[in-house]
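Some notes on the structure that comes next.
The values are calculated or read from the model by the stated rules, or taken from the named source; none is laboratory data. For clarity, every value in this text was computed on a predicted model and none was experimentally measured. When we count neighbours, we look across all protein chains shown, and the Cβ atoms used for this are built from the backbone with ideal geometry, even at glycine. Only protein heavy atoms, including side chains, enter the accessible area calculation; ligands, DNA and RNA are left aside. Shrake-Rupley method; radii C 1.70, N 1.55, O 1.52, S 1.80 Å.
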Amino acid sequence: TLKTQVASTRAGGFFGADHSFAWKNNLNYSAPEFSGIEIEKTLFSKTLRIRTIPRERFAVWCKTAAVGAVDPETKTTLTIPECWWVDTTGVAYESALETTGQLILTVYEKKAGSALSAGSQVTSPQAFGYIKTMLTTLRDLNLGAKRIVIDRELDELQAETYSGALIQFSLRFDPAPTAIPALKKFIQKPGLSHLEYINLTVQNRAFYREK
């Protein structure tokens, strides 16, 4: 909490977190649910104003989490998706329900990894910048992604569309200069309904297979 951060400072330890002298305007206050926190203190009027900037919901990010039970038939550990809201910078900040449909972008990790927590980055800032471009493109082009998967072993984002075509992006390079323009050309001709997959994982190259 903010009070905990204030109490950890020298002034907070001396005056206490409830005293206005302990709150400094230039401290880097933080909380997972906010992208920024600004403190405005006026000694003359003895007022303390806290301005918070909420994070913008961008997508739901789901990782596989074990539930501690074993399937009696397959003898495998049962798992459930653990989902978080992420903002436009890739920070997980609020627990979310698993979603269906096209209104909310939902990303699934193919394999279980380290658990997410409030304030954690779902992937590197550079990789998330590429992912953001890919997801925004899928949404803006109304492609109707049935399921979006991150494969960390292949460094790929794979989008299964309702038309049946699988679109594969690489997380190793920016898709904007070449991959996105190539995708738009495939949409125009021959069209996603005529394709089995579009592979855009090689820079400056595009591969496809017709149905």
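Per-residue answers, yes or no, for (1) open to solvent by 40 Å² or more (accessible area, probe 1.4 Å); (2) assigned to a strand (DSSP E or B); (3) modelled with pLDDT under 75:
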site	(1), (2), (3)
Val67	yes, yes, yes
Pro72	yes, no, yes
Thr79	yes, yes, yes
Trp85	no, yes, no
Thr89	yes, no, no
Glu94	yes, yes, no
Thr100	yes, no, no
Leu103	yes, no, no
Among strands (runs of 3 or more DSSP E) entirely inside region 136-211, those with 3 or more residues being more than 20 Å from Thr106 (Cα to Cα) are 195-200, 207-210
Qualifying residue in region 120-130 (condition: of a type in the set (A, V, I, L, M) and more than 23 Å from Trp84 (Cβ to Cβ)): no
Looking only at residues that are in contact with a helix residue (DSSP H, G or I) (Cβ under 8 Å, 6 or more places away or on another chain) and either in a strand (DSSP E or B) or open to solvent by 90 Å² or more (accessible area, probe 1.4 Å) (or both) in region 40-65, which one is modelled with the highest pLDDT? Ala59
